[in-house]
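Worksheet: one structure, shown below.
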Amino acid sequence: MNHKLRIYCTMLLFVIVVSVLTSTCHTGYTESSQQPAAAGEMRLEVLDSPANFGSTETDSNGATSYHTVTYEVNVVPNAQGKSLFSSVGTPSDNQTYKVKMQKAKLEIAASDAPFGNFQTWIYITLAVVIIGFAIWFLGIVFTTIRSIRMGEIFISQVSKNIEKIGIILCAIYMVEWIASYVVTQYFISHIQLAYYSIVYKNDCNIMFLIMGLSLMVISQVILMGKELKEEQDLTI
Amino acid sequence: MSIIVNVDVMMARRKMSSQELAERIGITQANLSILKTGKAKAIRFSTLEAICKALDCQPGDILEYQED
């Protein structure tokens, strides 16, 4: 059996087993080391949304715009005996629910935000890199599909391309996972919420990893098919 | 490869051309060339039988084992 095929199969099996186990029996969060907010007043209120929330910026025409930055984080309540309650209705027909937030979108004025002072050129550079990468990736996919449509399946180029696509999908998952972990750790150390803690939860789509590993296995199967085809072609 | 194909030797002994042998055993000249040059990975019994019949020889006359 092909050495690479054995490794890829083992990795795929491991990922599938882990994903099945985590989706059936895990609690969803890792431990948080964030401490409750230090001294000072803590409030968690429902207020009217201000129309001009954000940092103001006036352009050359005199028009004012408000800029905010949004972070999506996973949260759990602190052990401080405080909970959110929602009550609706009359005293005779009152519906009261305890609201447990798990995921929150935090919006803050751009000028006050961590990461808010990112330079525009960093965003542009990132966008160019991502677009370039996407075009290259689509090029590989297109070449592979065209080869397969033309009936050229058991050739080394198709095997290499499929393996490359698989590795890229796995890399996307890993980068997403590392980036979300690093960013969440930054939020944990820099953002404090009243009565809630920010926690890390792996929200990355594991299907990327499973698909990537499956394609890597398929690439090795195609390589074995190519060897069999060569043998068949050279049988007189 | 340690199996040597001696088809060309037998062809020379029988004074038979590649085209004639290929026609008699029902394979293309390209495939016969693959066989002669030792690039073939396998040979069917039916092909071996047809070659032996066309060249009036035994399989041992065509295939030879040599240690590497």
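The values are calculated or read from the model by the stated rules, or taken from the named source; none is laboratory data. The structure presented is a predicted model; accordingly, all values stated were derived computationally and were not measured. Here the Cβ is made from the backbone with ideal geometry for all residues, glycine too, and neighbour counts use every protein chain on show. These accessible areas exclude ligands, DNA and RNA; they are computed on the full protein's heavy atoms, side chains included. Shrake-Rupley method; radii C 1.70, N 1.55, O 1.52, S 1.80 Å.
Report yes if some residue within the range A:201-215 is open to solvent by less than 20 Å² (accessible area, probe 1.4 Å) and assigned to a loop (DSSP other than H, G, I, E, B); otherwise report no. Taking every residue of the range A:201-215 in turn, at least one turns out to be open to solvent by less than 20 Å² (accessible area, probe 1.4 Å) and assigned to a loop (DSSP other than H, G, I, E, B).
Remark: A:GLN185 matches the filter, which requires a residue to be within 17 Å of the chain's Cα centre (by Cα) and either within 15 Å of A:ASN2 (Cβ to Cβ) or not in a strand (DSSP E or B) (or both). In this entry, A:LEU228 is excluded by the filter for residues that are touching a Lys or Arg at 6+ places or on another chain (Cβ under 6 Å), within 30 Å of B:ILE34 (Cβ to Cβ) and within 14 Å of chain B (Cβ to nearest Cβ).
Are there strands (runs of 3 or more DSSP E) fully within the range A:54-167 with at least 2 residues that are farther than 30 Å from A:VAL199 by Cβ and open to solvent by less than 90 Å² (accessible area, probe 1.4 Å)? List them.
Working: elements: A:55-58, A:64-77, A:84-89, A:94-99, A:103-109.
Where strands (runs of 3 or more DSSP E) fall fully within the range A:54-167 and carry at least 2 residues being farther than 30 Å from A:VAL199 by Cβ and open to solvent by less than 90 Å² (accessible area, probe 1.4 Å), they are A:64-77.
Can you tell me which residue within the range B:3-25, out of those that are of a type in the set (A, V, I, L, M, F, W, C) and more than 24 Å from B:GLN66 (Cβ to Cβ), is farthest from the other protein chains (Cβ to nearest Cβ)? Among residues in the range B:3-25 that are of a type in the set (A, V, I, L, M, F, W, C) and more than 24 Å from B:GLN66 (Cβ to Cβ), the one farthest from the other protein chains (Cβ to nearest Cβ) is B:MET16. Scan the range B:41-68 for residues that are assigned to a loop (DSSP other than H, G, I, E, B), at pLDDT 90 or above and within 22 Å of A:GLU231 (Cβ to Cβ) and the total you get is 2. Exactly one residue among A:SER180, A:SER189, A:SER197, A:SER219 is polar (S, T, N, Q), away from every other protein chain (no Cβ under 14 Å) and over 30 Å from A:GLU107 (Cβ atoms), and that residue is A:SER219.
Are any of the residues in the range A:229-236 in a helix (DSSP H, G or I), open to solvent by 40 Å² or more (accessible area, probe 1.4 Å), of a type outside the set (Asp, Glu) and farther than 30 Å from A:GLU72 by Cα?
Step one: list which residues in the range A:229-236 are in a helix (DSSP H, G or I), which gives A:229-233.
Now narrow it down to the ones that are open to solvent by 40 Å² or more (accessible area, probe 1.4 Å): A:229-233.
Narrowing the set further to residues that are of a type outside the set (Asp, Glu) leaves A:229, A:232.
The next check asks that each one be farther than 30 Å from A:GLU72 by Cα; those that pass are A:229, A:232.
Yes, the conditions are met somewhere in the range A:229-236.
With the condition kept exactly as written, say whether any residue in the range A:98-112 is farther than 18 Å from A:TYR186 by Cβ, of a type in the set (D, E, K, R) and in contact with a Pro (Cβ under 9 Å, 6 or more places away or on another chain). Yes, there is a match, as at least one residue in the range A:98-112 is farther than 18 Å from A:TYR186 by Cβ, of a type in the set (D, E, K, R) and in contact with a Pro (Cβ under 9 Å, 6 or more places away or on another chain).
Note on the range B:26-59: residues that are open to solvent by less than 60 Å² (accessible area, probe 1.4 Å) and away from chain A (no Cβ under 12 Å) amount to 5.
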